[in-house]
Amino acid sequence: MSGRFAFQVLKRDPGTGARRGRMTTQHGEVETPAFMPVGTAGTVKAMTPQDLATLGFELILGNAYHLALRPGEDLVRRLGGLHRFMGWEGSILTDSGGFQVLSLADRCAISDDGVAFRSHLDGSLLTMTPERSLSIQDALGSDIVMAFDDCPPLPSGLERLLEAVRRTTLWARRSRDAFRGDGRALFGIVQGGDDGELRERSVEEITALGFEGYAIGGVSVGESAERSRSIVALTAPRLPEDQPRYLMGMGTPSDLVEMVALGCDLFDCVLPTRNARNGTLFTTTGRLQIKRREFADDPRPVDEACGCPVCRGFSRAYLRHLYAAGEILSMRLNTLHNLHHYADLMRRARAAIEAGRYAEFLTNFRARAAEAEASAADGDKAHGRDVPARPGAHRGARGTRGRSGSIAGEKIE
Ligand SMILES: [Zn+2]
């Protein structure tokens, strides 16, 4: 562990806003654009740290809120910090808990001081402030620490959005003051809802404070996919050119490919891992619901074009059987495949930027996605089925957000 946080843009794509970069943390290098698997509670569900490294991930996401509640940050600190505690040698970014405390909206009271809330585990009354969040993240030993922010859901009235921008700046300053540094990075978070002027104001205020990187928060919080993308389109280009940009909680494969083109460098989302556990697998020809009867005696791999150990070693029929039987291995294999799909997509995106051909990559990706959608619709008609969720249409179906947590508090990941 040595050195300071650094970020270098290695190459800019001539046809889009995409950038190929390299981030250096105390735990190594992170090639960007990069997707971060979500390891909310000190584990990316069903994966060992070695699995993640083998899949090619260099950075994962942990969560201050969840780890403070259980097992408690002091215990993690005593046991050598989160890296040692969970056996992960790569880099860790921790979310500040701002989103999580507010996603339990009926159970919290927010003021300029911070958020008073009830634990989703035992109902005890707790308080989260910028200082408390920074102290938790310090105890965890995160490489990238997130400022504490006020993240309202969408739609929210203008007054609430204004308040969130003001308070996010106030809390960003307090986060900055409480940050101990030590070669780690602190990222500021931009809010502003779906209001262009407020986004602009938040960018100005947060960048004026000076952080090692900037996150676009307050997206994928109830609005449509199109709206999320338009928020990013008007926010990302205003962020500093030479610093990392992290798009929080947005992450269908199509989101990633499109948002890379707008200049985003880092992504996280529970989608590949949560969907895996629900039996929804991402493939190069669209999504596949492994529980469907049609796969019962299908000897083919999940995705003919996938080189992951699951597709090399197992049939759809076997994966469907594991899912139907509620076997633990089902979650593990499905997660391995989905995370491999995401890692591979980002690898190909990085290669396309390096070659100066990201525009072409984007066009081809869109064409394949449209084709997959059309053939899925045909298949549904032929089989007389209800049309399942389409890529990019997950928002309507979930009531949960990409960023770890959920609006209704039904399941906190
Ligand atoms: Zn695979």
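Bear in mind that the values in this text are calculations on the coordinates, not laboratory data. Please read these numbers as outputs of a predicted model, since none were measured by experiment. No Cβ is skipped: glycine too gets one built from the backbone with ideal geometry, and neighbour counts run over all protein chains shown.
Springs between alpha-carbon pairs under 10 angstrom, Gaussian network model over the chain: which of Gly87, Gly141, Gly97 fluctuates most?
It is Gly87.
How would the range 1-147 be classified by its alpha-carbon gyration tensor: rounded, prolate or oblate, with rounded meaning a/c under 1.5 and the a/b versus b/c comparison settling the rest?
Working: a/c = 2.04, a/b = 1.54, b/c = 1.32.
Prolate shape, in that a/c is at least 1.5 and a/b is the bigger ratio.
Give the Cα extents of the range 99-186 along the principal axes, in whole Å, largest first.
Projected onto its principal axes, the Cα set of the range 99-186 covers 39, 33, 19 Å.
Calculate the spin-label point distance for Glu31 paired with Arg78, positioning each point 7 Å from the Cα along the beta-carbon direction, and give it in nanometres.
Between Arg78 and Glu31, the simple spin-label model gives 4.1 nm.
How do Ser230, Ser133 line up, fewest other C-beta atoms within 10 Å first?
Ser230, Ser133
Give, rounded to the nearest 20 debye, the magnitude of the charge dipole that the chain has about its Cα centre when Lys and Arg contribute +1 at Cβ and Asp and Glu contribute -1 at Cβ.
Working: 53 positive and 53 negative charges, 153 e Å.
With Lys and Arg at +1 and Asp and Glu at -1, about 740 debye.
Put +1 on the Cβ of each Lys and Arg and -1 on the Cβ of each Asp and Glu in the range 6-269; which of Ala6, Gly188, Val221 then has its Cα farthest toward the positive end of the dipole?
Ala6
Just order 335-344, 25-34 by mean Cβ neighbour count inside 10 Å, highest at the front, would you?
Working: 335-344: 23.1, 25-34: 21.5.
Order by mean packing, descending: 335-344, 25-34.
How many Å³ per residue does the convex hull of the Cα positions in the range 232-291 occupy?
Values: hull volume 4.6 nm³, N = 60.
Hull volume normalised by residue count: 77 Å³.
Share of antiparallel DSSP beta bridges in the chain, in percent to the nearest 5?
Of the beta bridges lying entirely in the chain, close to 50 percent run antiparallel.
Which far-off residues, 5 or more places away or on another chain, put their amide H under 5 Å from the one on Asp95, with H placed in the peptide plane?
Gly62, Asn63, Ala64
Using the crude model of +1 on Lys and Arg Cβ and -1 on Asp and Glu Cβ, and no other charge, please compute the dipole size for the range 1-59 relative to its Cα centre, in debye to 20. Intermediate results must be reported in sequence, preceding the final value.
On the way: 7 positive and 5 negative charges, 52 e Å.
Its charge dipole is roughly 240 debye.
Using a Förster radius of 30 Å, what is the FRET efficiency between Ala370 and His321 based on their Cβ-Cβ separation? Nearest 0.05, please.
0.40
Is the shape of the range 276-383 rounded, prolate or oblate, going by the alpha carbon gyration tensor and its root eigenvalues a ≥ b ≥ c, with a/c under 1.5 for rounded and a/b larger than b/c for prolate?
Values: a/c = 2.73, a/b = 1.49, b/c = 1.83.
Oblate, since a/c reaches 1.5 and b/c is not below a/b.
Any chance you could list the semi-axes, whole Å, largest first, of the equivalent ellipsoid that the Cα gyration tensor gives for the chain, using √(5λ)? Walk me through the numbers on the way to the answer.
Details: eigenvalues 213, 112, 97 Å².
Three semi-axes, in Å: 33, 24, 22.
Could you run the Karplus curve 6.51 cos²θ - 1.76 cosθ + 1.60 with θ = phi - 60° over the range 243-249 and give me ³J(HN,Hα) per residue in whole Hz, x for Gly and Pro?
10, x, 10, 10, 8, 7, x
Label points 7 Å out from Cα along the Cβ direction at Glu241 and Ser124: separation in nm?
In this crude spin-label approximation the distance works out to 5.1 nm.
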